[in-house]
Amino acid sequence: MKIKFKLNGELKTAEIVSYMTLLEVLRDTFGLTGTKCGCGNGECGACTVIMNGHPVRSCLILGVEADGSEIFTIESVSANGLSDLQKAFLEEGAVQCGFCTPGFIMAGEALFKRTQNPTDEEIKIALGGHLCRCTGYDAIFKAFKKVKVKKTL
Amino acid sequence: MIYPEYIQPVSLTDLWGKFPQDKKIYFLAGGTDLFNYLRDGLIDASSSCFVDISLLKQLDGITEESENIRIGALTTFSTISESGLLKKYCPDLVAAAKVLGTPQIANRATIGGNIGNASPAGDALPSLAAHFAKAEVANSKGSRLLNISDVFAGPKKTTLANGEIITAVVIPKIKVKAGFTVVGTFKKIGGRKSHIIAKASVAVFAVVKNKSVDYISVALGAVGPKIIEVRNISKILSGKKVSPELTEKCKDEIRKIASPIDDFRSTAEYRQEVICPLFEQALNEIVKD
């Protein structure tokens, strides 16, 4: 089936089979391997991308459903250098193996796009859908808080 | 791996013409349950067809009618959690939508899917049962309204025929006496704080003035093969003021009617133990001086 959609700001088309997930389309068809497959069943959040302005799990969406939509992946975030959130992750040591990081960053970018000044509760809700097995969540939470402080100065 | 056939109708009329014969039909909306069933081998791919209904935009959205609130089957839980109309009439459903899955899941998961999946642990279902909501079910010949409790045949089983689709859920609007307000909440318990599938859950919906109750309706999730409405609670509390004694009577009713089982998520014993405090927590949150 043919799909046409906006990927990281550029109009793209692809010929794909109906059962490919959006995650597979992004990684295998377009070579955007920043988006990770952690669990493949919607539990871990590593495959998070922004679809029509909202964070979604690309492992639970068919590629054909992306037809006509606008999608942003982790590759778009650092197109012009690291984002504030990415810098904060480095400063706070919120990355160890890095596998979960693209998902956390995409959830964060969506959160900060929605509100410049999220409450602790809003940050926790945004982080809630993601699993990290290395750093624990404290450093990640601190990185989010750091961006918050910067953005409201 | 074998994959099911896939079709993507562009309208409801288009839908009926496109069904393949002799295949089990699975409607694909948010996909947050369906893909896991496929991966876990719970769907026989070779004899199944996924009908992607995401293009049927007329099934998306919340509208106010004179007697009812109508929620289209494709309405996501993110939309439900932000709806002013539902905050006014169904605060318990809004509370359930806010704790369903994670933001990413709630951005995709739909109310029609939550009903069609027919899990006793479905987060929207206790609330819909407490409101005596009706599901609008359509087939090629027309549509009918079904009491929400009559949609469920058992865990993960509905009474719908193959190829019948849930198009909307219709919630009757409650009449509110002067001076009284609509309150409601949803509580669930699970293994962590986020992304929980309930081990036990409860929706409480009421019309109150401080601790005086004009109307109350309570339904339980994940403590029986289907959602359980605890009708006797309205007999105990309607027209009365909530007191510790009456709350104990309500809890006795819950203990009598809950019939939980052991499964991979929890034990019958734990569920039976935890459902009463869960109800009490919900009641105390919404009924207070």
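For segment B:57-149, the strands (runs of 3 or more DSSP E) that sit wholly inside it and include 2 or more residues that are closer than 25 Å to B:Ile174 by Cβ and without any contact (Cβ under 8 Å) to a residue 40 or more places away in the chain are B:62-64, B:134-139, B:142-147.
Between B:Asp14, B:Asp22, B:Asp44, B:Asp33, the distinction of being acidic (Asp, Glu) and within 22 Å of B:Leu100 (Cβ to Cβ) belongs to B:Asp33 only.
Filtering B:Leu85, B:Leu160 for residues that are more than 14 Å from the chain's Cα centre (by Cα) and farther than 19 Å from B:Ile62 by Cα leaves a single hit, B:Leu160.
The set of residues from segment B:77-108 being touching a Gly at 6+ places or on another chain (Cβ under 7 Å) and within 11 Å of chain A (Cβ to nearest Cβ) comprises B:Thr102, B:Pro103, B:Gln104, B:Ile105, B:Arg108. Against the conditions (1) part of a strand (DSSP E or B); (2) open to solvent by 10 Å² or more (accessible area, probe 1.4 Å), B:Ser201 satisfies every one except (2).
Conditions (1) surrounded by fewer than 17 Cβ atoms within 10 Å (Cβ to Cβ); (2) within 16 Å of the chain's Cα centre (by Cα); (3) within 13 Å of another protein chain (Cβ to nearest Cβ), marked per residue:
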residue: A:Gly38; (1), (2), (3): no, yes, yes
residue: A:Glu43; (1), (2), (3): no, yes, yes
residue: A:Gly68; (1), (2), (3): yes, no, yes
residue: A:Val95; (1), (2), (3): no, yes, no
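Listed conditions (1) over 15 Å from A:Val147 (Cβ atoms); (2) more than 14 Å from chain B (Cβ to nearest Cβ) are all met by A:Phe89, apart from (1). Residues of segment B:260-289 that are surrounded by 14 or more Cβ atoms within 10 Å (Cβ to Cβ), more than 15 Å from B:Lys188 (Cα to Cα) and either among the acidic types (Asp, Glu) or under 21 Å from the mean Cα position of the chain (by Cα) (or both): B:Ile261, B:Asp263, B:Ile286.
Looking across segment A:46-56, the residues that are at the interface with chain B (Cβ under 7 Å from one of its Cβ atoms) and open to solvent by less than 10 Å² (accessible area, probe 1.4 Å) come down to A:Thr48, A:Val56.
What do you reckon, is A:Val17 more than 20 Å from A:Ile125 (Cα to Cα) and facing chain B (nearest Cβ under 9 Å)? So A:Val17 fits the description; yes. The set of residues in segment A:127-147 being open to solvent by less than 10 Å² (accessible area, probe 1.4 Å) and assigned to a helix (DSSP H, G or I) consists of A:Ile140, A:Ala143, A:Phe144, A:Val147. Taking the criterion of being over 25 Å from A:Asn52 (Cβ atoms) and either in contact with a Ser or Thr (Cβ under 9 Å, 6 or more places away or on another chain) or small (Gly, Ala, Ser) (or both), the residues of segment A:103-139 that qualify are A:Cys132, A:Gly136, A:Ala139.
The conditions of being in contact (Cβ under 8 Å) with a residue 40 or more places away in the chain, crowded, with 16+ Cβ neighbours inside 10 Å and hydrophobic (A, V, I, L, M, F, W, C) are met by A:Phe104. Considering each residue of segment A:25-36, count those that are surrounded by fewer than 19 Cβ atoms within 10 Å (Cβ to Cβ) and free of Cβ contacts under 8 Å to residues at least 40 places away in the same chain, and give that number. Looking only at that region, the number is 5. The strands (runs of 3 or more DSSP E) falling completely within segment B:1-52 that include 1 or more residues that are open to solvent by 30 Å² or more (accessible area, probe 1.4 Å) and more than 9 Å from chain A (Cβ to nearest Cβ) map to B:24-28. Does segment B:270-281 contain any residue that is in contact (Cβ under 8 Å) with a residue 24 or more places away in the chain and either among the hydroxyl-bearing types (Ser, Thr, Tyr) or assigned to a loop (DSSP other than H, G, I, E, B) (or both)? Yes, there is a match, as at least one residue in segment B:270-281 is in contact (Cβ under 8 Å) with a residue 24 or more places away in the chain and either among the hydroxyl-bearing types (Ser, Thr, Tyr) or assigned to a loop (DSSP other than H, G, I, E, B) (or both).
The values are calculated or read from the model by the stated rules, or taken from the named source; none is laboratory data. Everything quoted here is computed from the prediction, not taken from an experiment. FYI the Cβ positions are ideal-geometry reconstructions off the backbone, even for glycines, and counts take in every protein chain you see. Heavy atoms of the whole protein, side chains included, go into the accessibility calculation; ligands, DNA and RNA do not. Shrake-Rupley method; radii C 1.70, N 1.55, O 1.52, S 1.80 Å.
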